[in-house]
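Chemist: To start, I am sharing the structure in question, which I have written as structure tokens.
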């Protein structure tokens, strides 16, 4: 356990240093805690923070989620997350987003439906469909997000890691346009049966004028509390 915690600290510190060393790169930190209710249901609580997309306006994100997983299948992935062994998962969640330098608060409802498919060469493909119901200070709006993920697990002696690539596109109901897209590359390291560390790099591009690009580097700690397989 001590070795796992030390590994988390060293990777997090090193990754943060690399992110800050890159000009214009924003660092994002996050902790996801999963509490198993049944083999097919979980409660997940998310806590995240960043200095904002411009690096000057820090943001705090908190939110509970209810996950319902359906239709299990055999998977070659070696991760603790039970969702990745299901054909279809449904998530109902809430996000409290607060700008720490102002009193601005955003309340967002989240609906996600994610089918997953086992592929040859021990790979897996996931297609997350997400709707954000966004309660902004001056109005209500929504957006649709589609994210495709391709991942595969590897094991070198006791070390298990799962590299992945993602592509996501955003549709804004107010403008009726696809407004931004992101590319993400990362790896999930399995520390033990209850802890994983996800390190990633993301490039986010605004499609509409004025077009802007932001680089985001992140570290996510995942904790699992489940008393059954």
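The values are calculated or read from the model by the stated rules, or taken from the named source; none is laboratory data. Quantities reported herein were computed from a predicted structural model and do not represent experimental measurements. Reconstructed Cβ throughout: ideal geometry from the backbone, glycine too, with neighbour counts over all protein chains shown.
Chemist: Would you please name the residue that is farthest from residue 36 (Cα to Cα), looking only at residues in region 178-209 that are in contact (Cβ under 8 Å) with a residue 24 or more places away in the chain and outside any strand (DSSP E or B)?
Modeler: Taking the candidates together, the pick is 208.
Chemist: Looking at region 44-53, is at least one residue at pLDDT 75 or above, surrounded by 14 or more Cβ atoms within 10 Å (Cβ to Cβ) and more than 28 Å from residue 89 (Cβ to Cβ)? Explain how you work it out, then say what you get.
Modeler: Initially, region 44-53 is screened for residues at pLDDT 75 or above, giving 44-51.
Okay, now just the ones that are also surrounded by 14 or more Cβ atoms within 10 Å (Cβ to Cβ), so 44-51.
Subset that is more than 28 Å from residue 89 (Cβ to Cβ): 51.
Among the residues of region 44-53, at least one is at pLDDT 75 or above, surrounded by 14 or more Cβ atoms within 10 Å (Cβ to Cβ) and more than 28 Å from residue 89 (Cβ to Cβ), which makes the answer yes.
Chemist: Consider region 76-90. How many of its residues are touching a helix residue (DSSP H, G or I) at 6+ places or on another chain (Cβ under 7 Å) and either modelled with pLDDT of 85 or more or surrounded by 19 or more Cβ atoms within 10 Å (Cβ to Cβ) (or both)? Steps first, answer last, please.
Modeler: Taking region 76-90 as the starting set, the residues that turn out to be touching a helix residue (DSSP H, G or I) at 6+ places or on another chain (Cβ under 7 Å) are 76-77, 89.
Narrowing the set further to residues that are either modelled with pLDDT of 85 or more or surrounded by 19 or more Cβ atoms within 10 Å (Cβ to Cβ) (or both) leaves 77, 89.
Residues meeting the conditions: 2.
Chemist: Taking into account only those residues within region 91-118 that are in a strand (DSSP E or B) and without any contact (Cβ under 8 Å) to a residue 24 or more places away in the chain, which is surrounded by the most Cβ atoms within 10 Å (Cβ to Cβ)? Quick ask: steps written out before the conclusion?
Modeler: Taking region 91-118 first, the residues in a strand (DSSP E or B) are 91-99, 105-118.
From what is left, the residues that are without any contact (Cβ under 8 Å) to a residue 24 or more places away in the chain are 111-112.
Working: 111: 14, 112: 18.
Across region 91-118, the extreme among qualifying residues is 112.
Chemist: Could you say whether any residue in region 145-158 is surrounded by 13 or more Cβ atoms within 10 Å (Cβ to Cβ) and over 18 Å from the mean Cα position of the chain (by Cα)? Give the steps one after another, and end with the answer.
Modeler: Of region 145-158, the ones surrounded by 13 or more Cβ atoms within 10 Å (Cβ to Cβ) are 145-153.
Right, trim to over 18 Å from the mean Cα position of the chain (by Cα) and you get none.
No, every residue in region 145-158 fails to be surrounded by 13 or more Cβ atoms within 10 Å (Cβ to Cβ) and over 18 Å from the mean Cα position of the chain (by Cα).
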